[in-house]
Amino acid sequence: MPDPSSSVQIQACLNRLRDGDESARGELINCACDRLSRLAHKMLKSYPNVQRWEQTGDVLHNALLRLQRSLQQMTVETSRDFFRLAALHMRRELLDLARHHYGPQGQGARHASQAGDPALSSRLPAADPADVTHEPQRLAAWSTFHEQIDALPAEEREVVDLLWYQGLSQAEAAELLQVSERTIKRRWMSARLQLQDALHGEMPE
């Protein structure tokens with residue numbers, strides 16, 4: 001049975017949408033759903049304090065809404081462009097999530113500063129004190145990680161989008177980009193080295 005999120009299936013949907021078949025838009029959203037759901041679950045699992053306020057389904061829903069709006073406002077020509085767009089919107093959703101909860105006025109920051117006040121903390125979910133102490137710093141590294149991906153050269157950023165955000169194998173990415181697997185490995189290594197350098201070796205979980 002063919003993978004419903006394969007580049008061939010996505011390209012067929014994009015062609016139908018370009019020809020006026022509005023039902024193809026919903027199929028495209030379904031194609032992105034499984035991949036982005038796995039990514040949202042993976043990210044939230046590493047940050048239990050954020051997970052207290054957000055569920056995987058909420059993060060996925062918001063990212064898919066962003067993607068749906070883009071598909072309504074612009075013409076996406078190729079499956080390669082679609083993967084790039086889906087990764088961009090998930091990256092933006094994850095960044096907004098971190099800023100919302102651990103920015104200066106975020107729930108997480110307020111919770112950390114009010115942890116010693118029984119009247120205030122009683123109205124908030126219980127948390128491990130170690131998480132309260134360390135998670136804002138980890139979220140800051142997470143935000144920087146996604147921001148630095150945006151700053152990568154286009155070729156390296158596209159490989160990170162495909163391998164990390166979309167979960168494609170190196171072979172699948174090579175086929176989609178019509179390059180060799182060796183080229184994908186080289187770009188992936190280059191991206192990782194640049195990210196490690198930008199984050200001073202402290203890659204988020």
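Once the chain from ASP150 to HIS41 is taken as fully extended at 0.36 nm per residue, the excess over their C-alpha distance is 37.1 nm. Our coupling estimate for region 60-77, obtained by passing each phi through the Karplus curve with A = 6.51, B = -1.76, C = 1.60 and θ = phi - 60°, is 4, 4, 5, 5, 5, 4, 4, 5, 4, 4, 5, 5, 7, 9, 9, 9, 9, 7 Hz, Gly and Pro reported as x.
Here, each number is a calculation from the coordinates, and none is a lab measurement. Just so it is clear, the structure is predicted and the values come from calculations on it, not from any experiment.
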